[in-house]
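The values are calculated or read from the model by the stated rules, or taken from the named source; none is laboratory data. On a predicted model such as this, the values are computed, not experimentally measured, just so you know. Heads up, the Cβs are rebuilt from the backbone with ideal geometry, glycines too, and the neighbour counts pull from every protein chain shown.
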Amino acid sequence: MIWEQLTEAKINRKIKLLNCLKQQPMRVKQFAEEIGVSTKTVRRDLAELEKTKGHFFTKGVIVWENAEAYHQVYFDLLQESEAFNVFRHFLWKHPIPYKRSTYRHLNEKLLKLNLSLTKEGLIGNDAVLFQLRWQYLLDFEVGNQKHVIEEKMFRFYQFIDAGHLDFALGWEYFVASPDHFNQFLARSLMPETVAYLLYFEEQKRYYDLFLSFYLQHQEVESTLYRDARLCSYMLIKYLKIDDPRVQARLQLKLFRLLLDLSQGFPIGFINQLADFSSSPKLWRISKKMKELVVVLDNCPVTDLAYTLEKTVRDAYLCSFYVERYSTFSNDDFHNHFWQEEVMKEIEAKFLAT
């Protein structure tokens with residue numbers, strides 16, 4: 001989730017630890033090395049967590065014996081964060097007093113989302129603010145069904161003149177089937193400008209709907225579809241991805257990425273504010289993509305390179321091609337990148353178009 005990235009360093013570190021332990025046991029030294037702290041710091045965090053969050057077995061390997069309570073523990077830790085509590089109040093337009101250090105901390109984190117915190121409230125991209133509110137209700141309004149959450153969003157946005165929101169300008173170009181959107185609009189509580197965002201959110205949240213949405217774009221050869229096809233072709237040729245399942249997944253994931261960017265989401269939001277420690281290995285191909293695909297123009301090359309690397313890895317994992325993925329993870333990112341003949345082929349095919 002994105003919320004822990006807004007918290008102070010200590011709480012963020014504890015949540016990272018729990019994220020790891022809910023998946024599998026872990027050695028203290030291993031976790032300390034991964035996040036760049038001492039083993040003493042990890043043991044101190046464990047001791048604090050153990051007082052209220054359940055028992056941890058730490059003889060050599062850390063085992064969390066209460067992992068099924070993760071969601072509640074996660075929320076409890078967020079509640080301990082002054083930064084998160086200030087943020088969520090401002091998110092729902094209920095400003096509360098805050099320390100200057102909290103103000104600086106949040107604005108440093110929010111910069112990647114193209115948002116800023118002021119005395120008047122959160123300022124920035126309307127689409128990002130809508131998405132954060134929607135995600136907050138999904139994550140923390142436990143037990144609420146989709147129509148209940150939509151109703152809450154409607155009650156919030158009915159106090160805003162939706163005609164002055166800028167996040168729906170030009171979005172009709174991303175609707176491949178106007179009839180499909182009009183059917184959605186007819187059953188939606190939202191005004192049309194806000195309904196666009198809810199429509200895209202629904203298409204992306206459910207795989208069968210998103211696949212249908214993608215096929216609609218494929219059928220009409222939309223600009224969004226063509227750009228996704230171009231980006232996938234570049235990566236397939238550049239990395240020599242020969243498995244058709246991976247190729248199909250990759251194009252679908254790139255289509256989703258370009259849709260998010262077209263809606264106005266900054267790439268930092270798509271990356272969930274992740275802090276990458278290693279150097280990006282797709283920097284060169286990212287730079288070339290920025291030259292060819294308009295919607296990528298405002299993406300920093302380094303952030304785009306990280307995002308593409310994650311997208312490629314996810315495409316392998318989603319294709320259940322574990323053996324090839326293992327080989328790819330270890331070798332391809334290091335050995336097959338800087339092939340001049342591949343770059344020349346890509347340039348010859350697409351720079352003239």
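Just a yes or no: is a residue in the range 192-203 within 21 Å of Ala315 (Cβ to Cβ), assigned to a helix (DSSP H, G or I) and touching a Leu at 6+ places or on another chain (Cβ under 8 Å)?
yes
For the range 224-235, check the following and say yes or no: at least one residue is crowded, with 16+ Cβ neighbours inside 10 Å and at pLDDT below 90.
The answer is no; no qualifying residue exists.
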Expected output for the range 173-188 (first residue closer than 14 Å to Glu202 by Cα, partner in a loop (DSSP other than H, G, I, E, B) and not small (Gly, Ala, Ser), Cβ below 7 Å, 6+ apart or cross-chain) is Phe181/Val175
